[in-house]
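Enquirer: Below is one structure. I have some questions about it.
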There are 2 protein chains.
Amino acid sequence: MSSPPPPLAGVRIVEISSFVAVPLAGMTLAALGAEVIRIDPIGGAADYHRWPLADSGDSIYWAGLNKGKQSMAVDMRSEQGQHLVAQLIVDSSVLITNVTGRQWHSYDTLCAQRPDLIHLEVLGRADGATGVDYTVNAATGFPMVTGPAGHTGPINHVMPVWDVSCGLYAALSIVTALRHRDATGDGTAIRLPLDDVALATAANLGFLTEAMVTGTHRPRLGNAIYGQYGRDFISSDGVNFMVVALTARHFRDLTDLTGTATAVAAAEEALGADFTDEGQRYQHRDVLDPLFAAWFRTQTAEQITAALSATSVLWERYRTFEEVIGTARVTDNPLFTALDQPGIGRYLAPGLPMSVDGAHTPAAAAPVLGEHTATVLAGRLGMSSGEIAELVEQGVVAP
Amino acid sequence: MSSPPPPLAGVRIVEISSFVAVPLAGMTLAALGAEVIRIDPIGGAADYHRWPLADSGDSIYWAGLNKGKQSMAVDMRSEQGQHLVAQLIVDSSVLITNVTGRQWHSYDTLCAQRPDLIHLEVLGRADGATGVDYTVNAATGFPMVTGPAGHTGPINHVMPVWDVSCGLYAALSIVTALRHRDATGDGTAIRLPLDDVALATAANLGFLTEAMVTGTHRPRLGNAIYGQYGRDFISSDGVNFMVVALTARHFRDLTDLTGTATAVAAAEEALGADFTDEGQRYQHRDVLDPLFAAWFRTQTAEQITAALSATSVLWERYRTFEEVIGTARVTDNPLFTALDQPGIGRYLAPGLPMSVDGAHTPAAAAPVLGEHTATVLAGRLGMSSGEIAELVEQGVVAP
């Protein structure tokens, strides 16, 4: 029995991209069943050798963000190369790109040939200025409130939040535009600035709005959670735990667990506080922290794990990447399947994080650069092997 | 002239949620034109008073994540309340929720009444265990590599990355399922664990894969970028800048700008290095950093801004939230429109970060809790005002 076709079966997408956002969008759409052709310059785009690298020198990063796509290598500085790629976009009817300002693959140019085109551009800023996750993030406000309370100067995130969010907004925009086209026949031109992803998110979550409405200056809080009781503690054997008590029940369980119920009640009375109120648990955290920390310091990580597991408290043990890959969350999780990736080897690779009707779509390998150049030219543009050989000879495309 | 209907016009969604992921998904779908009814317990869910708060005590956080929805307040512990909400879900045919393990609104139960139901559950972990952004994040590996090189112990992110990514995967899953249902008539059951969002992302970006494939231990790098040349510098007047040179051209511009071309070339020769290779620029950053830092220390922020603006180098000035809201990126950006939010006031609120055919959809106010209880019961379930009054009297719903 064959499984049902994936939801985006039959959708064809051309991707001209580099780095994270658009590659992630394309990979996500490919995992949903679309046929995604990533088109790179001959020799690869600026992300083709990006770290981390395997011992072979091949980029783990590139392989990780291009799983399940087809790859073509085309000299897009040549007129002939541009013409070929434009034909493919017109044939596919969907373009996603972060290469902006090129007239030959602009919406206006291509729309003339394909009125129902879906065209998505990711740009740095709405005004057309450049920007990457690391620069956009500097201007969000987050690095100034990240890290220990006493620290001065910015602390960057390591996880490129804005790139990932932008890639997911891009994938969402494409599927929304596809559904709209199914219903109306109309195409869509979408512009998605990385900076606007960051600003919208910082505002939606209240970080910008609080500054606008109350003028409050959000302080650096270390690992505490603003307006909630939550922070990290360390065990007698030096293991870090993150502990969160969002509700009154969580908090009661935490005081019971740590044997601090009497001390916490006494502190509550002395302070005239009400610890059933989440904000007051946060405001008086300097009083609460040492009471709980004292218990954690007397217990081993194993004892803490057992004790917290028996409560409603939200908690987790901090882990390094090396520790994460050894946990059952990775080794015994249907999200991950063994993947043979040319140049890199066999490893556990994730599919999409959602299961659909109980099933995960397993990850597919990333292509070798230019692997599909000839098959796409033949299959999509009807070129003969002689014509393709001539294009290779002229340096317009590379296999 | 009226504008064309938004892409999800006519789609009806019930949301039973709290916190970030599912509320963000619902808000995103509402901004795309769906009619989203958020159903809360009478008095509000656990996120209803979450900080930041306005002076009125109303939650800026809640208002920020529920823009453009309708609100109903129902006692979902009562059988009658459950029955009403189940009827609304069956009528709407789409449920998004992070309240799991309730038989009465499970896929299996509701699917029997509505075979084409689209049902999405966000859960903590794939195995059904609880988890929130702060605990999930602790187990990803990121806090152990965030912050200054010399720091020991974890450094949490402030921006809830996994919640936001999860919310966007949820919105994507719903639109994909809607398109699939349009084509086939079939519903979909989707499960989306927050932990799997984090693991898939950490793997896609190579953090987990590198540990699997090469066994490399990723160090703490402060504000440097792994495998690339990029870091923060400080001006003579104490302003921090993030500077990134991804390409050979960026790097050449940076050495020219800082007058270090000769010194960098001499260092390159002495080290036997090749600074046209991004990895080598990263590996020798300890040699490069002081050369560039010396220039930044002699220039004011204004001078640095003018100088960097004339180059290809990627850069940004670090800003606090208070500074961000005063920039033209917020005050003169069509992403933001003035919104009158009851209980909070008038402020600049973002719409979706993407513009569609050149236009942004302006933000709509969040509802007051229970604001639409009566209109939904009347409009969707055909109840009379007498029947509704009786439900209010019995405490099953609240207006």
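The values are calculated or read from the model by the stated rules, or taken from the named source; none is laboratory data. These figures come from a predicted structure and were not determined experimentally. Heads up, the Cβs are rebuilt from the backbone with ideal geometry, glycines too, and the neighbour counts pull from every protein chain shown. Note: accessible area is taken over every heavy atom of the protein model, side chains too, but ligands, DNA and RNA are not part of it. Shrake-Rupley method; radii C 1.70, N 1.55, O 1.52, S 1.80 Å.
Enquirer: Residues in the stretch A:133-168 that are over 17 Å from the mean Cα position of the chain (by Cα) and more than 7 Å from every other protein chain (Cβ to nearest Cβ): how many?
Expert: 5
Enquirer: Same structure again: Looking at the stretch B:256-272, which of its residues are surrounded by 18 or more Cβ atoms within 10 Å (Cβ to Cβ) and over 17 Å from B:GLN283 (Cβ atoms)?
Expert: Answer for the stretch B:256-272, where residues must be surrounded by 18 or more Cβ atoms within 10 Å (Cβ to Cβ) and over 17 Å from B:GLN283 (Cβ atoms): B:LEU257, B:THR258, B:THR260.
Enquirer: While we're looking at this one, here's another question. Could you grab me the full set of residues in the stretch B:45-56 that are more than 18 Å from the chain's Cα centre (by Cα) and more than 8 Å from every other protein chain (Cβ to nearest Cβ)?
Expert: Passing the criteria: B:ALA45, B:TYR48, B:SER56.
Enquirer: Identify, from the list B:PHE321, B:PHE241, the residue that is within 12 Å of chain A (Cβ to nearest Cβ), more than 28 Å from A:TYR48 (Cα to Cα) and in contact with a Phe, Trp or Tyr (Cβ under 9 Å, 6 or more places away or on another chain). Full working, then the answer.
Expert: Values: B:PHE241 fails: more than 28 Å from A:TYR48 (Cα to Cα).
Among B:PHE321, B:PHE241, only B:PHE321 is within 12 Å of chain A (Cβ to nearest Cβ), more than 28 Å from A:TYR48 (Cα to Cα) and in contact with a Phe, Trp or Tyr (Cβ under 9 Å, 6 or more places away or on another chain).
Enquirer: Suppose we keep only residues that are touching a Pro at 6+ places or on another chain (Cβ under 8 Å) and among the small types (Gly, Ala, Ser) within the stretch A:216-248. Which one would you say is farthest from B:ILE155 (Cα to Cα)?
Expert: The residue in question is A:GLY227.
Enquirer: Would you say A:ALA366 is under 16 Å from A:ASP40 (Cβ atoms), open to solvent by less than 20 Å² (accessible area, probe 1.4 Å) and within 13 Å of another protein chain (Cβ to nearest Cβ)?
Expert: yes
Enquirer: Of the residues that sit in the stretch A:209-224 and are open to solvent by 40 Å² or more (accessible area, probe 1.4 Å) and modelled with pLDDT under 95, which one is farthest from A:GLY147 (Cα to Cα)?
Expert: A:GLY215
Enquirer: What number goes with the only condition from (1) open to solvent by 30 Å² or more (accessible area, probe 1.4 Å); (2) within 10 Å of chain A (Cβ to nearest Cβ) that B:LEU335 does not pass?
Expert: Against the list (1) open to solvent by 30 Å² or more (accessible area, probe 1.4 Å); (2) within 10 Å of chain A (Cβ to nearest Cβ), B:LEU335 comes up short only on (1).
Enquirer: For the subset of the stretch B:70-83 comprising residues that are of a type outside the set (Val, Ile, Thr) and open to solvent by less than 10 Å² (accessible area, probe 1.4 Å), which member is farthest from the other protein chains (Cβ to nearest Cβ)?
Expert: Among those residues, the one meeting the criterion is B:MET72.
Enquirer: Let me ask you something else. So B:ASP196 ticks every box in (1) open to solvent by 10 Å² or more (accessible area, probe 1.4 Å); (2) within 21 Å of A:PRO334 (Cβ to Cβ) but one. Which box is left unticked?
Expert: So B:ASP196 meets the others, but not (1).
Enquirer: Let me ask something else about it. So which of A:THR188, A:THR152 ends up being under 21 Å from B:GLY33 (Cβ atoms) and among the polar types (S, T, N, Q)?
Expert: A:THR188
Enquirer: Related question: So B:SER59 fits all but one of (1) more than 10 Å from every other protein chain (Cβ to nearest Cβ); (2) free of Cβ contacts under 8 Å to residues at least 40 places away in the same chain; what number is the exception?
Expert: Tallying (1) more than 10 Å from every other protein chain (Cβ to nearest Cβ); (2) free of Cβ contacts under 8 Å to residues at least 40 places away in the same chain, B:SER59 fails exactly one: (1).
Enquirer: Being out of contact with any helix residue (DSSP H, G or I) (no Cβ under 6 Å at 6 or more places or on another chain) and within 12 Å of chain A (Cβ to nearest Cβ) is the filter; apply it to the stretch B:99-119 and report the residue that is most open to solvent (accessible area, probe 1.4 Å).
Expert: Taking the candidates together, the pick is B:ASP108.
Enquirer: Considering the stretch A:203-217 alone, what residues qualify as being among the hydrophobic types (A, V, I, L, M, F, W, C) and either touching an Asp or Glu at 6+ places or on another chain (Cβ under 6 Å) or more than 7 Å from chain B (Cβ to nearest Cβ) (or both)?
Expert: A:ALA211
Enquirer: Could you check, for the stretch B:164-176, whether at least one of its residues is open to solvent by 10 Å² or more (accessible area, probe 1.4 Å), closer than 30 Å to B:ASP232 by Cβ and outside any loop (DSSP other than H, G, I, E, B)?
Expert: Within the stretch B:164-176, none of the residues are open to solvent by 10 Å² or more (accessible area, probe 1.4 Å), closer than 30 Å to B:ASP232 by Cβ and outside any loop (DSSP other than H, G, I, E, B).
Enquirer: Is the stretch B:258-278 home to any residue that is facing chain A (nearest Cβ under 10 Å) and under 23 Å from B:PHE207 (Cβ atoms)?
Expert: yes
Enquirer: Look through B:GLU371, B:GLU393, B:GLU387 and report the one residue that is touching a residue at least 12 places away in the same chain (Cβ under 8 Å), open to solvent by 40 Å² or more (accessible area, probe 1.4 Å) and either within 14 Å of chain A (Cβ to nearest Cβ) or out of contact with any Asp or Glu (no Cβ under 9 Å at 6 or more places or on another chain) (or both). It would help to see each step written out before you state the result.
Expert: Details: B:GLU393 fails: touching a residue at least 12 places away in the same chain (Cβ under 8 Å); B:GLU387 fails: touching a residue at least 12 places away in the same chain (Cβ under 8 Å).
Step by step, each of B:GLU371, B:GLU393, B:GLU387 is checked, and only B:GLU371 is touching a residue at least 12 places away in the same chain (Cβ under 8 Å), open to solvent by 40 Å² or more (accessible area, probe 1.4 Å) and either within 14 Å of chain A (Cβ to nearest Cβ) or out of contact with any Asp or Glu (no Cβ under 9 Å at 6 or more places or on another chain) (or both).
Enquirer: Every residue in the stretch B:86-96 that is surrounded by fewer than 23 Cβ atoms within 10 Å (Cβ to Cβ) and within 18 Å of B:THR375 (Cα to Cα), please.
Expert: Result: B:ALA86, B:GLN87, B:LEU88, B:VAL90, B:ASP91, B:SER92.
Enquirer: Among the residues of the stretch A:32-44, write down those that are more than 10 Å from chain B (Cβ to nearest Cβ) and within 20 Å of the chain's Cα centre (by Cα). Reasoning before the result, please.
Expert: The first filter runs over the stretch A:32-44 and keeps only residues more than 10 Å from chain B (Cβ to nearest Cβ), leaving A:34-44.
Once the filter is applied, which keeps residues that are more than 10 Å from chain B (Cβ to nearest Cβ) and within 20 Å of the chain's Cα centre (by Cα), the stretch A:32-44 yields A:ALA34, A:VAL36, A:ARG38.
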